[in-house]
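Student: Quick one: the structure is below, questions incoming.
Read-outs throughout are calculated quantities, based only on the coordinates presented, and are distinct from any laboratory measurement. Just so you know, these numbers come straight off a predicted model, no measurement behind them. FYI the Cβ positions are ideal-geometry reconstructions off the backbone, even for glycines, and counts take in every protein chain you see.
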Amino acid sequence: MSSDDGSAHHPPPPRPSLRALFFGVSGFGTRWPAAVRAAAAFALPAVVLLIGGLGHNALFAALGSFAVLYGENRPFRIRWRVIGIASAALLASVAVMGSLGHLADLDASAAVRSGLVMASVVIAGVAVFVGNALRIGPPGPLFFVLTGGISATVTQHGVNPWVVVGCTAAGTVGSMVAGMAPALVHRSRPEESSVSAAVAAIDDYLATDAPPESALRQGASGQLLHAWSVLHDAAQTDGALARRLRQSHHRLHGATDDETLSTAPLPRPSVGQRLRAAAHPNSHATVATVRVVVAATVVGLVSVAVGLSRPDWAIAAVVLVLQLGPDRIRGVLRGAHRLAGTVVGVGLFAVVHLLEPGSVALVAILTVLTFTIEISVVSNYGLAVLAITPLALLMSPTTAGLAVIAGDRIIETALGVAVAVAALWVVSPGAHRRTTRWSRSAAVGNMRRLLDDVAVTSPHTDAARAGRRDVQWALMEAELAATESAVDEPRWAHTDWPSHVHLRHLGHDLLAACWTAPRDRPLGADVVSDLRARAAKVG
């Protein structure tokens, strides 16, 4: 375990090309099974609602069908629970905003409309904080905000809020059915996929003979933690998949077969632990939330002041750009995707609107749009927005002229994107530096606590295993923060990067020492002393 951090050989990642990212479609088409499930989650309840005589209102099932997206790639043992939680959150957003919209109606004063804006801002803030603290990933918090905005709009135009809630609930039932149906065919697919990804990442790292401080090692460790978490979620920590993963885990740390552990590593930290850790002014989740709340408040109130009809549309644009706390380059990219996708999507909406399709045809069209959203949401947000835009507009009333609707939606989107992108530079402009330092300090703190523990007890006790898990999670948080800083401010990151590389090296050496240590005694005093000395040098 050399103390040479090797930072000269591992420079910060370069800024990505905006052009390449804007037009990139990496992985497009690989999510077709998930896209089919998303389409089915809407189509099944929508058809039932049509048969029940609800007509155009059947389209509101789409608001609940978004829940299926949050269950993707999760073991079926917990997928139903995740879909259920997402369903409850979507229903809450629809119910609250629908009720407020019903009370406000179309002739509401500017003060009342501003109240609706602030309700949307609160939902956006909560969704963004929780989503980032828990690292829920795509599709992110957007749909919790979007569904609430649509609900408020349609109830302002006279739709009974309970009808909207009921149709949304039908959509959540469709999500549960579509999301769980694959368990009848291949129940272990999520676990197999996660283990295979972790094994492949470890193989790639070992094949390059890269040093412990390399980004490949960090990536392999992240995949490893995810795979063990998935196996825990599936209650499969002692089967063939676990044995395969444990063998790769051994190879990653240079362990031998006789060092096989009978107990699997712990999964990701609990929901409560992650939320508490994120409740700090310098955390990634808090910074993202502050930017969203400030930008959403500005665009919402400006929209009301200038008489735009859908402030919620501008707020949704803000959330899309800032929801995952992206670096500035990717923030600009998402803004460009949002604007371009909205312009083209409004054009698609206009074509469909002029054709005046009936309710059955609209259900078919929204089914195709839902499929398109899911198949493209990870590959290219612009394509996803291209489908989200007509889907949202086709559910909404069209009492105004087509030109007014199209013009207002584009203006609201441009306003939201402009303010959101500006927020990346104006709202807490030095946040990336503070978050990088704070996350690194948190990681070092976790390492010191683990060292204090394993200096006197075995690294394989329950407390030490929890400490090892916390170190791995903290390393992932520090990696995200340092990488975003490298993109946001390359010159500063160049001087700060050696400290991050040192942290990587130290963290992986500590985890390897714990993994390979004998089960019946503490780490050696010389090993602990060396690691403590290195921890003291992390900047």
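Student: Exactly which chymotrypsin sites (Phe, Trp or Tyr not before Pro) in the stretch 359-451 are in a DSSP loop and have at most 13 other Cβ atoms within 10 Å? Present the calculation step by step, with values, prior to reporting the outcome.
Tutor: On the way: sites: PHE371, TYR381, TRP425, TRP438; in loops: none.
The qualifying sites: there are none.
Student: Something else now. So how do ASP238, ASP488, ASP327 line up by other beta-carbon neighbours within 10 Å, fewest first?
Tutor: Working: ASP238 13, ASP488 23, ASP327 20.
The most exposed by this proxy come first: ASP238, ASP327, ASP488.
Student: Once you charge only the Cβ atoms, +1 for Lys and Arg and -1 for Asp and Glu, what is the size of the charge dipole of the stretch 431-539 about its Cα centre, to the nearest 20 debye? Display every interim value, and only then the final one.
Tutor: On the way: 16 positive and 14 negative charges, 33 e Å.
Around 160 debye, computed over the stretch 431-539.
Student: Related question: Tell me the label-point distance for the pair ILE51, ALA455, using the 7 Å Cα-to-Cβ offset, in nm and rounded to one decimal.
Tutor: Taking the two extended label points, one gets 6.9 nm.
Student: Could you work out the relative contact order of the chain? I mean the mean sequence separation of Cα pairs under 8 Å and 6+ apart, divided by the number of residues, in percent.
Tutor: On the way: 862 pairs, mean separation 120.1, N = 539.
That works out to 22 percent.
Student: Just how large is the dipole of the chain about the Cα centre, in debye to the nearest 20, putting +1 at every Lys and Arg Cβ and -1 at every Asp and Glu Cβ?
Tutor: Working: 43 positive and 36 negative charges, 59 e Å.
Dipole size: approximately 280 debye.
Student: At a threshold of 8 angstrom on Cα-Cα distance, excluding pairs fewer than six apart, so keeping six or more, what relative contact order does the stretch 52-166 reach in percent?
Tutor: 37
Student: Could you give the length gained on full extension between VAL351 and ARG251, defined as 0.36 nm per residue of separation minus the Cα-Cα distance, in nm? Write down the numbers at each step before the final one.
Tutor: Values: separation 100, 0.36 × 100 = 36.00 nm, distance 5.74 nm.
The span from VAL351 to ARG251 would gain 30.3 nm if fully extended.
Student: May I pose another question? Normalising by the residue count of the stretch 431-539, find the relative contact order in percent from Cα pairs under 8 Å and 6+ residues apart.
Tutor: Working: 107 pairs, mean separation 42.8, N = 109.
That works out to 39 percent.
Student: Relative to the present Cα-Cα distance, how much length would full extension add between ALA207 and PHE22 at 0.36 nm per residue of separation?
Tutor: Values: separation 185, 0.36 × 185 = 66.60 nm, distance 3.19 nm.
Using 0.36 nm per residue and subtracting the Cα-Cα distance, I get 63.4 nm.
Student: While we're here: Based on the Cα atoms of the stretch 425-509, what semi-axes does the equivalent ellipsoid have, where each is the square root of 5 times one gyration tensor eigenvalue, given in whole Å with the largest first? Mind dumping the intermediate values first?
Tutor: Working: eigenvalues 170, 28, 15 Å².
They are 29, 12, 9 Å, listed from largest to smallest.
Student: Summing Lys, Arg as +1 and Asp, Glu as -1, what charge do residues with Cβ under 12 Å from the Cβ of SER309 carry, SER309 excluded?
Tutor: Values: positive: ARG113, ARG310, ARG409; negative: ASP312, ASP408, GLU412.
Surrounding charge for SER309 is 0.
Student: For a footprinting-style exposure proxy, rank HIS249, HIS186 by other Cβ within 10 Å, fewest first. Numbers along the way, then the final one.
Tutor: Numbers: HIS249 24, HIS186 10.
Fewest-to-most Cβ neighbours within 10 Å comes out as HIS186, HIS249.
Student: Just the projected area, averaged over all directions, of the convex hull on the alpha carbon atoms of the chain: how many nm²?
Tutor: Details: hull surface 96.3 nm².
In nm², the orientation-averaged hull projection of the chain is 24.1.
Student: With 10 angstrom as the radius, rank MET395, MET176, MET118, MET97 by how many other C-beta atoms surround their C-beta, starting from the fewest. Don't jump to the answer; show the numbers that get you there.
Tutor: Details: MET395 23, MET176 20, MET118 13, MET97 26.
Lowest count first: MET118, MET176, MET395, MET97.
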